[in-house]
Amino acid sequence: MARPEKIRLGDLLVQQKLLTEVHLKACLDEQKKTGRRLGNVLIEKKFITEEQISRALARQIGAVYIDLKHYNFKREVVAKLPETQARRFRAMVLEDTGQNYTVAMADPTDLNAYDEITRLLKRDIELAVVTETELLRAIDRSYRRTEQITGLAQELGADMGDAAVADFGALTTSPGAEEAPVVKLLQTVFEDATQARASDVHIEPQEKKLQIRFRIDGVLHLQTETDSKIASAVVLRLKLMSGLDISEKRMPQDGRFAIKIRNVAVDVRISTMPTQYGESVVMRLLNQGSGILGLDNIGIPADMLVKIREVIHRPSGMVLVTGPTGSGKTTTLYAALNELNTPERKIITVEDPVEYRLPGINQVQINEKIELTFDRVLRAALRQDPDVVLVGEMRDENTVETGLRASMTGHMVFSTLHTNDASSTPVRLLDMGAPRYMVALSLQLVIAQRLVRVICESCIADYQPLPTEHEFLRSELGDTVDQHTYKRGQGCSYCNGTGYLGRTGVYEMLEMTKPVVEAANQEDVQKFIQVARQQLGKHTLRNHAAQLAAAGRTSPEEAMRVSSQLAE
């Protein structure tokens, strides 16, 4: 392909009748004042979309426009252009034809970038035009650091020699600490984990190896295995970063620290535990730059959402969100808080830890070491005249009773509880010692939830359910089971070969209606659960998961996996 000519973007868009002269002049005036790129000004003012600009550029230079959302990358081809250069020039290698390379560029008018890429690749290139947003997402997903992590781990092992334990305590103060192999290794692990959208990093010493795994979309994936002798150095460095006792190796410890990855703040919660071959470390990554989702964006069914909105805007009562660890309970509660967060309301949260930062609300971090407990902070919070109180978790009898009393005295109380489904939640409160009349009077709504993986759009394909999957679907969908086309992800570079990309919620909701309240006031637990399940009807977690499979959002296999431990 011939070297493209310099193009004036504004003139091109006017020529192709995508922009008026008036709008162009207004944007050019702003560009002169701010020094920003014209394309960004046009998009921000909504005169044109990013895709329209890319398609116009592609037409002008005779190149193809590619939607990278659905492109299946080959990592060995992408790697022909180093990541630093890909980010610098906003470009990626897509295809190797043997004679030349197909290179995607966000700005094909950048002739300096074109010349430099040609020099680096040492071949002619065929240009394809892509949007910058999708290109940056593709770079994040495609450039993984598995080999780099393995190499750094080997470098650390060589640096340690035959020593089983190295003293890395001096790294916190010594000059050039950032160049130490253990520091570079951990930095690369964190960068790779955030690129892979991992929620947790597991560092696990085995008899003859150190295993590093990432939890992505709720499922663990092996990242790398390396020499076990570096385990003590890695754990020691992490303890120093989180302020833990480096001399204590026999007892579990918990801590936290913050890091910046590409100018995004990430909070890291760390837990250490002694095992047979050394200390195991699990780190939960909380990305502070990801923003808080709204109630409309987390997968709650429309009819359920209407009732939830009606209840959370009441002046008092208790709303509980239940499910196992990692089921998205805090995300749901913060979506509700985000909706209620107005200047007219005072909102206080009591959490361990504070997972999201939400401007305008008062957030309190629990600290058991100084006896700053849920119960103590909750009692203090109620003297601060709040309208809404979020309690991170109902952990004990005192916290449950204080929360229930608060909801009876003019406060809306949100909290979480570890129960299997919605109908068993009031029973769990009674088991924890809550007075029966309080549960019946205060509890307004119980939302039970799980997270299911969403099929990757880049490799989605039709799928014929297996007999066991078909049986599960029939039990929830009835005679309509064969009226749907089911889908499954085949696995591609976008989803790291898993067939899934991202997660969404599955929900069930128990409203404390008059029949449910009357049943809660009786001693017969089985009778209450029966009444609660009658109210739920078909609107259960299992049914919602099956409905998502029928809609092609998730696979029958994933719907079955999430439903496997739920009551039928």
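The values are calculated or read from the model by the stated rules, or taken from the named source; none is laboratory data. Computed from a predicted model, the values in this text were never measured in an experiment. Please note: Cβ atoms are built from the backbone with ideal geometry, for glycine as well, and neighbour counts cover all protein chains shown. Areas reflect the complete protein model, heavy atoms only, side chains present, ligands, DNA and RNA absent. Shrake-Rupley method; radii C 1.70, N 1.55, O 1.52, S 1.80 Å.
Just checking, which of GLU30, GLU132, GLU126 is acidic (Asp, Glu) and farther than 30 Å from THR20 by Cα?
GLU126
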Inspect all residues belonging to the range 126-138 and state whether any of them is more than 31 Å from the chain's Cα centre (by Cα), within 30 Å of ALA58 (Cβ to Cβ), at pLDDT 80 or above and surrounded by 14 or more Cβ atoms within 10 Å (Cβ to Cβ).
yes
Of the residues in the range 99-122, those that are open to solvent by 10 Å² or more (accessible area, probe 1.4 Å) and part of a helix (DSSP H, G or I) number 9
I need the full set of residues from the range 363-379 which are exposed (fewer than 13 other Cβ atoms within 10 Å of the Cβ) and outside any loop (DSSP other than H, G, I, E, B), in order please.
ASN367, GLU368, LYS369, ILE370
The one condition in (1) surrounded by fewer than 21 Cβ atoms within 10 Å (Cβ to Cβ); (2) closer than 21 Å to ASN297 by Cα; (3) among the polar types (S, T, N, Q) that GLN483 fails to fulfil
(2)
In this structure, does PHE73 turn out to be within 23 Å of CYS495 (Cβ to Cβ), hydrophobic (A, V, I, L, M, F, W, C) and either at pLDDT 90 or above or not in a helix (DSSP H, G or I) (or both)?
yes
Scope the range 76-98; condition in a helix (DSSP H, G or I) and open to solvent by 40 Å² or more (accessible area, probe 1.4 Å); matching residues:
GLU76, THR84, GLN85, ARG87, ARG88
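Could you check the range 453-568 for helices (runs of 4 or more DSSP H) lying wholly inside it with 3 or more residues that are charged (D, E, K, R) and touching a helix residue (DSSP H, G or I) at 6+ places or on another chain (Cβ under 8 Å)?
Those helices (runs of 4 or more DSSP H) span 467-477.
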Which residue is farthest from GLY552 (Cα to Cα), if the candidates are limited to the range 418-452 and must be of a type in the set (Lys, Arg) and part of a helix (DSSP H, G or I)?
ARG436
